[in-house]
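Enquirer: Got a structure for you, questions after.
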Amino acid sequence: MKRLSLSLFLIFTFNLSSETILLKGGLVHSGNGDSSKIQDILISDKTIVGIGTNLIIDGNTRVIEVNGLPVTPGLISPMSNLGIVEINALDVTRDDESDLLSAGFSIFNAFNPHSTGIPWNRSNGVTSAMSTPSASSFPIFGLGSHFVLDGSLEIKGSKDIAMYGRLGASYGSRAETLSVLESLLDIGKMVKTLSIEEILEMNLADQLELQSQDIIALGKVVNDGMPFVLETNRAVDILQALSMKKKYGLNLVLVSVEEAPMVLDQLKESNTPVIIDPMDNIPNSFDELGSSLDLGKILDQAGIPIMFSTQRSHNYHLMRQGAGNAVAYGMSYETAIKGMSNTVAQTFRLDNRGSIEAGKLADVIVWDGDPLEPSSFPKIVMIEGKLQDLSSRSTKLTERYTNTENKPSSYKH
Amino acid sequence: MKNKVLIPILLFTIISCSESFNIDLPFGDTESDSINPGIDNAFASTYSPMDSEPILFKSANIYDGLGGEFRNYDLLLSEGKILEIGESISAPGVLVIDATDKWITPGIIDIHSHMGVYSAPGVSTSSDGNEATAPVTAEVWAEHSLWTQDPQFALALKGGVTSFHVLPGSANLFGGRGATFKNISQNTIQAMKFPGAPHSLKMACGENPKRVYGNRRQSPSTRMGNMAGYRSAWIDAVKYTDGMNKTDEDRRPTRDLAMDTLMGVLNGEILIQNHCYRAEEMAMMIEMSREFNYKITTFHHAVEAYKIADLLADEGICAAMWADWWGFKHEAYDMVQANVAIIDQARNGTGCAIVHSDDAVGIQHLNQEAAKAMAAGNRAGYEISKAHAMRWITSNPAKAAGILDQTGTIEVGKDADVVLWSGNPFSIYSRAEKVLIDGAFAFDLNNPKIQPITDFDLGIIQPQTNRVQ
């Protein structure tokens with residue numbers, strides 16, 4: 001290691017963070033949308049400090065030969081339940097719903113770094129994620145936070161950095177949903193001129209059953225550009241969302257947008273990033289009649305920033321399979337890689353992550369094959385410069401049940 | 001592989017057998033074996049293949065669905081059947097398709113689908129898969145719920161799916177009969193039914209039945225309640241079957257639809273497709289099948305199958321699995337990605353592993369799901385080839401659906417249910433270019449005229465265009 005002459009204290013903290021590592025000769029996809037190149041990546045003190053082919057290293061640097069394998073930024077899920085849902089069908093293992101709060105419902109303090117979904121997704125290449133509340137309140141679910149998936153009890157994350165909601169078919173009329181959404185955003189606007197107490201005393205706040213946390217959060221969406229992530233599908237609903245964006249100056253992110261190709265020009269003009277599941281071509285509702293496998297290609301060709309969600313809980317890494325299918329249907333390869341990393345970082349203002357660039361935190365994956373092939377798997381997962389263990393309950397169970405010793409399985413460990 | 005040529009006369013015999021099977025069965029040879037031949041053949045298939053011409057695929061790479069891989073081979077289809085596979089086939093005057101650098105596989109088969117009974121859009125009026133009004137509803141038939149205009153059929157076809165087995169849901173201990181279909185949308189359910197395919201009976205273990213009925217304060221509310229419910233029904237079924245076997249017609253019991261189904265299982269005519277996640281529950285179901293002397297064909301959603309892989313191989317029971325679903329319920333908590341491979345490799349490779357979908361998206365990408373399962377198995381130390389893994393989505397599900405004698409492999413004499421892939425089917429970048437069912441083009445990526453559009457899709461967004469192009 002470098003800097004051995006530093007004080008004992010510094011050596012101690014340095015050891016805790018990470019060693020200096022050179023990932024040598026990988027096919028590097030930067031995540032910025034640039035095409036891949038064979039390069040070395042030098043990582044020191046959590047951070048990418050150099051990229052190139054003739055980097056100068058000292059004798060203390062650990063050199064890992066990558067031998068041309070693909071290297072990408074760590075994947076970032078833009079929408080997950082990681083750390084807040086253990087088993088979906090068991091309410092006592094869920095922390096993603098609130099009876100009391102709506103727009104201001106924060107899941108941050110519920111995050112469990114020991115949830116089994118975390119090592120599983122990490123070993124599959126997901127190094128950090130937005131975790132979000134579920135739709136217990138409608139049309140706004142609450143606030144999502146960003147979490148680093150290193151399993152540490154010292155939670156590394158960004159608290160309450162985006163608001164999530166939905167516009168579309170529900171039990172009532174969508175006209176009512178739109179009116180409620182506008183009222184909520186009006187309340188948010190008032191935060192600029194009125195105190196929370198004054199707003200709480202208003203009839204409107206009472207009608208909307210708002211708590212002070214809800215009002216503060218709405219203020220951030222309307223006045224501070226906090227990302228407002230809205231799921232919507234029907235073409236005309238997308239237009240409604242875009243006009244709301246204009247009216248309130250929202251930092252809007254749209255989710256699902258299965259009928260986006262019908263309103264492509266407006267979407268493009270609005271400069272709104274989207275989160276899509278490229279594999280979902282099922283007309284699941286009458287809002288999604290236009291759904292197709294061409295969505296990713298069409299959005300990409302229009303230059304719209306794209307991120308990826310997956311239908312399946314617990315397997316957020318399957319965004320790779322979605323991205324791969326999008327490429328099979330015409331999306332550009334580097335857009336797909338960028339959509340799993342840098343586009344998410346840019347959208348959610350995770351400024352120090354998301355790409356393989358000098359100065360960024362070293363969340364880096366080395367793959368055993370093309371990262372868009374679902375049969376590929378990480379060989380190296382690095383979070384903030386630290387090599388991660390790739391085991392999970394799944395690998396433990398596999399070891400136990402492929403062990404042929406003649407004794408009860410409970411003794412095979 | 002040497003050229004295998006089936007002489008045309010034999011081929012005609014096969015076709016006519018198949019036809020006479022459909023039309024003549026109620027009055028044919030099987031009458032003597034059956035107590036109620038007319039009843040047994042109610043709602044029989046009226047499927048007839050689309051018109052086709054002889055087709056010769058040249059220079060294809062072929063996975064035969066049995067574990068074989070043939071590079072640069074020719075494949076000749078004629079009169080709805082596979083006529084010849086060989087290194088160089090000459091067949092003057094037939095349609096020749098250059099398949100250089102492309103791959104041919106058997107049509108993909110899904111052993112677990114709810115297409116048509118949980119149609120899209122997923123609205124309450126199309127929720128027809130669970131008769132969740134009593135824990136034992138062996139009397140219902142999934143096919144009686146099928147909506148022939150479900151747009152999901154055509155989407156699955158584009159993923160190479162030529163046959164699929166539709167099951168009732170898992171709310172009940174006995175959910176009802178399942179049926180197998182050829183993936184060609186028609187205006188009647190019978191016209192889609194796979195000719196001669198046996199019915200199945202859906203059973204369900206574990207959380208679902210005990211939750212559905214436990215929440216209503218009725219039995220079953222526990223796993224032991226589940227077991228008591230199955231066993232009580234089998235006791236009734238044994239008695240009913242004995243009664244129906246009496247030579248004196250007057251002494252036979254009154255006909256009962258639920259008991260007809262259970263009797264069909266005891267007589268070996270109806271195959272058990274058993275939703276069951278946990279290892280000890282699967283083992284318990286096997287014990288019960290011994291108690292009442294019936295055979296379990298497949299455990300579905302068998303997330304913990306790997307824990308009893310040898311037992312399943314010894315019993316000759318298939319396990320139908322996802323590549324990686326987990327965590328949505330407690331009994332799906334112990335997922336391992338090598339599950340499919342462990343089942344496959346059990347007892348020196350005699351296990352029967354199936355990758356299934358249970359999902360309208362998953363069914364379109366079963367090749368990718370198999371790729372994931374294969375790669376996970378190989379990471380766990382097995383050496384599973386692509387040719388071998390192809391069995392998981394072709395011949396093994398065909399075996400589990402009881403249609404392996406007709407489809408599921410590229411073998412001379414089989415139904416010409418085949419897929420031409422743009423590249424290796426285990427790659428995410430490969431797409432099904434042409435899908436043939438009984439030798440007829442059912443889907444062609446490059447020909448809009450050979451891309452099915454259901455009634456639902458027509459003019460539904462804008463009158464001038466269709467939902468899918």
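Enquirer: What full-extension length gain, to one decimal in nm, is calculated for residue A:224 and residue A:247 as 0.36 nm per residue of separation minus the Cα-Cα distance?
Expert: Working it through step by step, the gained length comes to 6.8 nm.
Enquirer: Looking only at the protein assembly as shown, where both bridge partners belong to it, what percent of the DSSP beta bridges are antiparallel (to the nearest 5)?
Expert: Counting DSSP beta bridges with both partners in the protein assembly as shown, the antiparallel share is about 55 percent.
Enquirer: I would also like to ask the following. Taking θ as phi - 60°, what are the ³J(HN,Hα) couplings along the range A:110-125 by the Karplus curve (6.51, -1.76, 1.60), each to the nearest whole Hz, with x for Gly and Pro?
Expert: Result, ordered by residue: 8, 4, 10, x, 9, 4, 5, x, 6, x, 5, 5, 4, 5, 9, x Hz.
Enquirer: I want the antiparallel fraction of DSSP beta bridges within chain B, as a percent rounded to 5.
Expert: 55 percent
Enquirer: Quick one: if the Förster radius is 56 Å, what FRET efficiency do residue A:99 and residue B:249 give, using the C-beta to C-beta distance and rounding to 0.05?
Expert: The formula returns an efficiency of 0.35 here.
Enquirer: Based on alpha-carbon positions alone, could you give the equivalent ellipsoid semi-axes of the range B:244-332 from the gyration tensor, as √(5λ), descending, whole Å?
Expert: Semi-axes (√(5λ), whole Å): 33, 14, 10.
Enquirer: Sort B:89-95, B:204-210 for me by packing, meaning the mean count of neighbouring Cβ atoms within 10 Å per residue, highest on top.
Expert: Sorting B:89-95, B:204-210 by mean packing, highest first, produces B:204-210, B:89-95.
Enquirer: For the range B:93-192, compute the orientation-averaged projected area of the C-alpha convex hull (one quarter of its surface), in nm².
Expert: The number I arrive at for the range B:93-192 is 8.4 nm².
Enquirer: On average, how many beta carbons from a partner chain sit within 10 Å of the beta carbon of a residue in A:368-378?
Expert: Going residue by residue through A:368-378 and averaging, the value is 5.
Enquirer: Same structure, new question: Rounded to the nearest whole Å³, what is the per residue volume of the convex hull around the Cα atoms of the range B:341-415?
Expert: Per residue, the Cα convex hull of the range B:341-415 comes to 101 Å³.
Enquirer: Where the Cα atoms of the range B:4-457 are projected onto their three principal axes, how long is each span, largest first, in whole Å?
Expert: Result for the range B:4-457: principal-axis Cα extents of 66, 53, 44 Å.
Enquirer: If you don't mind, another one. Inside 10 Å of the C-beta atoms of B:322-334, what's the mean count of C-beta atoms belonging to other chains?
Expert: That average works out to 6.
Enquirer: Label-point separation (nm) for residue B:224 and residue B:236, each offset 7 Å from Cα along Cα-to-Cβ?
Expert: Simple spin-label model gives 2.3 nm for this pair.
Enquirer: Just need the relative contact order of the range B:4-457 here, percent rounded to a whole number, with Cα pairs under 8 Å and 6+ apart.
Expert: Here the relative contact order equals 19 percent.
Enquirer: While we're looking at this one, here's another question. Any chance you could list P(r) for the protein assembly as shown, counting all Cα-Cα pairs in 20 angstrom bins from zero, rounded to whole %?
Expert: That works out to 14, 44, 33, 8, 1, 0, in percent per bin.
Enquirer: State the extension gain, in nm to one decimal, for the chain segment bounded by residue B:216 and residue B:379, taking 0.36 nm per residue of separation less the distance between their alpha-carbons.
Expert: 54.1 nm
Enquirer: Can you bin every Cα-Cα distance in the range A:75-344 into 5 Å intervals starting at zero and give me the percent of pairs per bin, rounded to whole numbers?
Expert: Per 5 Å bin, starting at zero, the Cα-Cα P(r) for the range A:75-344 comes out as 1, 6, 13, 17, 19, 17, 14, 9, 4, 1, 0 percent.
Enquirer: By its C-alpha gyration tensor, with a ≥ b ≥ c as the square roots of the eigenvalues, how is the range A:214-346 shaped: rounded for a/c under 1.5, else prolate for a/b larger than b/c, else oblate?
Expert: In terms of gyration-tensor shape, prolate.
Enquirer: Just grab the label-to-label distance for residue B:290 and residue A:114, each label 7 Å out from Cα along the Cβ direction, in nm (one decimal).
Expert: 4.0 nm
Enquirer: What number, rounded to the nearest 500 deg cm²/dmol, is the helix-based mean residue ellipticity at 222 nm of the protein assembly as shown, given -39500 (n - 2.57) per DSSP H run of at least four residues and division by all its residues?
Expert: Using -39500 (n - 2.57) per qualifying helix, the result is -8000 deg cm²/dmol.
Values quoted throughout were computed directly from the atomic coordinates according to the rules given, and no laboratory measurement underlies them. Just so we're clear, the structure is a prediction, and the values are computed from it rather than from any experiment. Please note: Cβ atoms are built from the backbone with ideal geometry, for glycine as well, and neighbour counts cover all protein chains shown.
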